[in-house]
Amino acid sequence: MVNVTIDGMWKEFSDGTAIGPIDLEVRDGELIVLLGPSGSGKTTTLRMVAGFIRPDRGRLLFDDVNVMHVPPNERKIGMVVQSVALFPNMDVFQNIAFALEVREWPHEKVVRRVEELSDLVGIRNLLHRKITEISGGEGQRVALARALAHGPELLLLDEPLSALDPNLRESLQMEIRRIQKELRVTTIYVTHNQDEAFAIADRIAVLNEGVINQVGTPSDLYDRPLNRFVATFLGRGSILGGEVTSCDDKGFEVSFDGQTMHLPGYQEVGNIIELSVKPEDITVTRFGDDGLEATVESIVSQPGRYRVQLKIGKHSLHTFISANTLPEQFRPGERIRITIDPMEVAILADTSP
Amino acid sequence: MRRGGALRSSLMLIPFILLIGFLVYPVAIVLIQGLLQPTGSSFQEVVGSSLTQRIILFTVGQALVSTMVAMVLGVPGAFVLTKLQFRGKNTTRALMTVPFILPPIVVVVGFLEVFGPGGIIDSILMALLGSDTSMFNIATGYIGIILAHAFYNAPLFILMVSASLERLNPDIEEMAQIHGATFTQRLRRIIVPHIRISILAASILTFLFSFMSFPIVLALGEGSFMTIEVQIWNAFRFFDYGEAASLAIIQLLITMTLAYAYIRTGVREREVTGRTSYVRTVNIADLSTPTKILLIVYSSILLILLVGPILAIIRSAVYDPNTHVLTLRGFESLLNPGMDGGLIPMVNSLFYASLATVFSVILGLLLVFSQQSKMRLIPDLTSMVTLLPLGVSAITIAYGLMIAIAVPLGLSTNPWPLIVVAQTLIGVPFSVRAIEITRSKIDPAILEQAESLGASALHRVFFVELPLLAPGILVAGFFSFAMAIGEMSATIFLARPENFTLAIIIYRYLSVRKFVEAGAASLFLVVMCVAAFIIMERISENGYGGTV
Amino acid sequence: MNMSAYSSHRNPKVTIAAIAIAVVIIVGAYGLVFWQAPKPTLTVYTYDSFMLWGSDPDNIDETVFGPFEDEYGIEVRIERLNTDANGIISKLVAEQSNPVADVVIGIDNILILQAQAKQVLEQYTPSNIDLVEHSIIDALDPDHYVTPFDFGLVTLIHRTSELNATVNPGIENLTLTNLVDMASMLVTENPHFSSPGLSFLLSQIAVYEKLMNADWRDWWRAVKDDIDVQEGWTEAWTKWDSDSARKILVSYGTDPAYDASWTGGAPDTAVAPIYYDGVDYAWMQVEGIGLVKNGPNPTLAKAFIDYCLTAAVQDNIALNQWMFPANTNVELDPVFDYALQLDDVSLLNELLTGTEIATNLESWLNAYDEIMLG
């Protein structure tokens, strides 16, 4: 398939907003997810890769060939979008066969290929249906088959599952993953949904305000967020900021709001650092002197657990406690103690907000 | 992008080249020659004359009043047609389109027969009241002119506004209702903003039509009224080409200023459209009594105005006013090769109108594509050019085609290609509008899909875009056909006997008082138009019938 | 699975080609079917209703011009343009650089005063011009740009059953002053668009300016709210015929004859010439035939004009055109006894000279418009 290199791609719109510069390497056969909140520039980036939006600057290399001036219909891509955008004037078969017919394949070959693909995505029985006669999930399968029919080197998926209900979404995620691995097609997958990104991605590129903040495997990003945005958006982590008060060969000590905490590693004394703490790494107790003192802000009931909002000085944290830990013991305003697993705390490299 | 782009832009150029070659160039020749002619009136003289000023005032005034009357008569009809359940809706729609194809001279006859002194309504009133003097006449004078313009254009409002109403998302209206909005509030806040654009579009077409009105003003005005167009014809007839050119320029300035304002006020802005899954309709039985009475009064007025003249035409096809007997002579003469060649005008009409339809749809498609252009100015320019055939005096176009094209090219001995050109041009504004509306409903993602799947521009257009535009193309085809088959001004000027069309034959029959024959030919035009409409509705499953 | 169960797309190039071929075939077929063998043709431009008022209008051209065709082995195309004589001159002006027509019929004694009319015509005096009386030639065009074809008297007509001396004494010896009071009964034609309409305007001007020494515009000011001005003669006639309130029409003095021939007895239609100081007046309209300048077949065209003055054509004018033939030797049908005769009236043409009309026509029409639109 193809290695995609996005190099300094940049686009400014007439309303003054800008996307980029984007630098990203998508490896051959890899599924990379562009993850970010809405308005972060994911779709624009994808459409620049597809060729529907012409960037103002930068290069786009498919295996070292700059395709910036190649029109979309010659880029050997397949694309699936949220609205499905199936051709309403054609039936399912014709939709899937479209890319083959414009390439003037002989009819028998087209039929064989379409049947093969419809088996792959599991819609063989729908081939004769009209577009108006299939469901949303089936529509996405058809769209996927259509995008794959001509054997594209690069598959672009723009929020393909966002319009579907959660159960269907999960099963289709698995299937997209399976098909992608089976075909080994290089894939860029755009979504705003972290769970989906984690479920499906080889690597994730987190996009915010038109810039890629961090690229890495899901666990990389989860465990080692580089900045506040990645930490909060991805791990739903809480941020604690403080000053390094001492450091020795066992680690260093950071202090905030009069409390201190020991962490492994090395930091210059006097540095102001930020820590990302994930909810599952916080343990809450009512009694004892371990850890840090916190105040309960609020308790919200969730399926099988409670979300507890805490406050340490001016810092907010949150964690979850399971339903059988007697949550009635905790009331808003109550003072409690928490411990944080020092091994799981991530120190943010980029302290700019 | 480069290769497709080149193909696209050269295709885009075709309509411009044709419009420049067959519209701008001939008209420019007439205007320039007219102004340079030493013998005629100069521009200053024409503009300075109090007569000209009065004519301009009248022309603009009556066009405004006609537009308002057509709007007042038409817009409620759009609501009735969209929101009310009743049988024969499609027939009603088909009937609405009849006025488009009727040559004005036929409408005049029908109008006088229904609304004129001694006409049907007058006779009934006289019989009822036992009077022996005529007591009812709304067919002549200022009122007659306005009503005749309304007859032509109220259907335009009905069809265009109802097409727009059908795309009003019923959910929005329901939400508003749930939140306690009264009908007037809903009207002001939701419905009017939604149909504003279609009202504006219908208004501009109506204004231009009434502004350019010629035979109606002459015939119903009883000599007391003149539009600029009438005065241009006057000037041509008395060989004052200077005056003709000056007036045509004034006319053009007014129409193009208007067209520009129309484009600037954002007619091209997208209408907020809901998915037309269903339109909430009301059953007549569910209406309150006052509403019912209002509805009946309104429908009767509209029915009399629109159907009256059409019925008069049907009657005139079998009733000879000279001998006061019923006869089928009219139909016989349509079939017998006589003075005007029997079936030939019919064949000509169909042939020219069909070719003109094909061309005007193709031009319409190309113009719509170039309206989507991302380049600056191109969309505005295209919109202006699109309205041009409505904004230039038909007489000037006809004369220009004659002196600038037919005579130099030796086409004056066999001018049928020019007739097709002239008929094509007048269909373009309507075909563009119809295709434009359908085009704006297509999800751009679908077209991008085609491109990403490797379709060339040609493939995309043929496999995806055209099939999706099909309903609009059908409507465009219908209106182009109707406009072409009813075209008089240019055809009459260019045609030689072997080129006569039904519209010309009607004119000729009337000029020698063969009323039955003229009636039969008119009826044939009406039947062809209704048939074309029904065929169009059948082909288009989506019932886009009213999408002007 | 059966392959053909799936439909495939046609190649768009094939579709385009198919449409193009279909259009070409249809256009070709049309061209072939309506293609006319190039037979030498003499083209005559005339107005829309030329010679169509007889009993067999469909074959009139064959009857009247057939012998000429046979004699010269050519075809005569009588092209009745959908306009009146002014429109024909417009067309001739437009075609000036490449004329189609050889001969034009229908230019009248007012229109020939226009410079443009002379500009597209060639002077020609037929060899048999003696068949036409001098007074008629002079009334039309002493310079021989056009030769008289027929003539008629423009006057007022009414129906005696509706309007007669018993009910309306004013109808006898009808003066223009009487007519002011009867303006709500009067239908006339637009002088811009109709030759009888223009003739009537000139009649009125002649009477006021030359006989009464009054301002002609006063009359129009007095009638403007009541008079009905229709576009052309057909529209005016229709109005007069259908509207019971409109009883008087500006038309031709031969209308009673036409009526008589239709009904077969004494006509209901009567004429009411304009009366002033003991004399009946009418306007004579002479329609001429002219040679188109630089036309394709000048020799044939001249022969054709000569032919038009012979009895072969002139015999047919009365009953098909309802005008008096220019060749006054022709015997007229008895119904013409009902028509207003040349001897019955004094001609208003003699009061207005050609130069006078040529110089003033434009300002008269403007003044007329000013009054009527005011």
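Just wondering, is there one or more residues in segment B:68-83 that are touching a residue at least 24 places away in the same chain (Cβ under 8 Å), more than 12 Å from chain C (Cβ to nearest Cβ) and within 30 Å of C:Ile371 (Cβ to Cβ)? There is at least one residue in segment B:68-83 that is touching a residue at least 24 places away in the same chain (Cβ under 8 Å), more than 12 Å from chain C (Cβ to nearest Cβ) and within 30 Å of C:Ile371 (Cβ to Cβ). All of C:Tyr258, C:Tyr275 fail the test of being surrounded by fewer than 22 Cβ atoms within 10 Å (Cβ to Cβ) and over 26 Å from C:Phe50 (Cα atoms), apart from C:Tyr275.
What tally of residues in segment C:82-95 results from selecting those that are buried (at least 24 other Cβ atoms within 10 Å of the Cβ) and more than 8 Å from chain B (Cβ to nearest Cβ)? So the answer is 3. Selection within segment B:89-141: residues that are of a type in the set (D, E, K, R) and free of Cβ contacts under 8 Å to residues at least 40 places away in the same chain. The member of this set that is nearest to B:Ile284 (Cα to Cα) is B:Lys89.
Of the residues contained in segment A:54-65, none is found to be within 13 Å of chain B (Cβ to nearest Cβ) and touching a Leu at 6+ places or on another chain (Cβ under 6 Å). Output yes when any residue across segment A:38-52 is within 23 Å of A:Thr232 (Cβ to Cβ) and out of contact with any strand residue (DSSP E or B) (no Cβ under 9 Å at 6 or more places or on another chain), and no when none is. Yes, segment A:38-52 contains a residue that is within 23 Å of A:Thr232 (Cβ to Cβ) and out of contact with any strand residue (DSSP E or B) (no Cβ under 9 Å at 6 or more places or on another chain). Among the residues of segment C:260-268, is any away from every other protein chain (no Cβ under 14 Å) and more than 23 Å from C:Ser49 (Cβ to Cβ)? Yes, segment C:260-268 contains a residue that is away from every other protein chain (no Cβ under 14 Å) and more than 23 Å from C:Ser49 (Cβ to Cβ). Would you check if there is a residue in segment A:163-181 being in contact (Cβ under 8 Å) with a residue 40 or more places away in the chain, within 14 Å of another protein chain (Cβ to nearest Cβ), out of contact with any Cys (no Cβ under 7 Å at 6 or more places or on another chain) and in a strand (DSSP E or B)? Among the residues of segment A:163-181, not one is in contact (Cβ under 8 Å) with a residue 40 or more places away in the chain, within 14 Å of another protein chain (Cβ to nearest Cβ), out of contact with any Cys (no Cβ under 7 Å at 6 or more places or on another chain) and in a strand (DSSP E or B), which makes the answer no.
Within segment B:408-438, if we keep just the residues that are surrounded by fewer than 21 Cβ atoms within 10 Å (Cβ to Cβ) and out of contact with any strand residue (DSSP E or B) (no Cβ under 9 Å at 6 or more places or on another chain), the residue that is nearest to B:Thr255 (Cα to Cα) turns out to be B:Pro417. Exactly one residue out of B:Phe136, B:Phe115, B:Phe157 is crowded, with 24+ Cβ neighbours inside 10 Å, within 24 Å of B:Ser224 (Cα to Cα) and at pLDDT 80 or above: that is B:Phe115.
None of A:Leu144, A:Leu126 is in contact with a helix residue (DSSP H, G or I) (Cβ under 6 Å, 6 or more places away or on another chain), surrounded by 16 or more Cβ atoms within 10 Å (Cβ to Cβ) and either free of Cβ contacts under 8 Å to residues at least 40 places away in the same chain or more than 24 Å from A:Thr45 (Cα to Cα) (or both) except A:Leu126.
When C:Asn98 is tested against (1) outside any helix (DSSP H, G or I); (2) of a type outside the set (Ser, Thr, Tyr); (3) away from chain B (no Cβ under 12 Å), just one condition goes unmet, and that condition is (3).
Taken as a whole, the condition of being at pLDDT 90 or above and not acidic (Asp, Glu) does not apply to A:Gly20. Can you spot a residue in segment C:131-147 that is more than 10 Å from chain B (Cβ to nearest Cβ), of a type in the set (Gly, Ala, Ser) and over 30 Å from C:Arg246 (Cα atoms)? Yes, segment C:131-147 has at least one match. Within segment A:115-159, the set of residues being of a type in the set (D, E, K, R), within 14 Å of chain B (Cβ to nearest Cβ) and farther than 18 Å from A:Ile176 by Cβ comprises just one member, A:Lys130.
The condition (being at positive phi and more than 14 Å from chain B (Cβ to nearest Cβ)) is satisfied by just one residue among A:Gly8, A:Gly51: A:Gly8. Yes or no: B:Ile263 at pLDDT 80 or above and either among the basic types (Lys, Arg) or within 23 Å of the chain's Cα centre (by Cα) (or both)? No, not satisfied. Counted as qualifying within segment A:269-352 are the strands (runs of 3 or more DSSP E) with 2 or more residues that are modelled with pLDDT of 85 or more, namely A:272-277, A:292-302, A:305-312, A:315-322, A:335-340. When the residues of segment C:221-241 are narrowed to those that are out of contact with any Asp or Glu (no Cβ under 8 Å at 6 or more places or on another chain) and part of a helix (DSSP H, G or I), which ends up nearest to the other protein chains (Cβ to nearest Cβ)? Looking at residues that are out of contact with any Asp or Glu (no Cβ under 8 Å at 6 or more places or on another chain) and part of a helix (DSSP H, G or I), I get C:Thr234. Counting only strands (runs of 3 or more DSSP E) that sit completely within segment A:210-266, those holding 2 or more residues that are touching a strand residue (DSSP E or B) at 6+ places or on another chain (Cβ under 8 Å), in the same structural domain as A:Lys42 (by TED's automatic domain parsing) and crowded, with 18+ Cβ neighbours inside 10 Å correspond to A:211-216. Taken over segment A:1-16, the criterion of being touching a residue at least 24 places away in the same chain (Cβ under 8 Å) and over 15 Å from A:Arg57 (Cα atoms) is satisfied by A:Met1, A:Val2, A:Asn3, A:Val4. For segment C:9-36, which residues satisfy the criterion of being away from chain B (no Cβ under 11 Å) and modelled with pLDDT under 85? The one that is away from chain B (no Cβ under 11 Å) and modelled with pLDDT under 85: C:Leu32. Cβ separations smaller than 6 Å between residues 6+ apart or across chains give the following pairs from segment B:49-61 residues that are facing chain C (nearest Cβ under 10 Å) to residues that are of a type in the set (Asp, Glu): B:Leu51/C:Asp369; B:Leu51/C:Glu370.
The values are calculated or read from the model by the stated rules, or taken from the named source; none is laboratory data. Computed from a predicted structure; not experimentally measured. Reconstructed Cβ throughout: ideal geometry from the backbone, glycine too, with neighbour counts over all protein chains shown.
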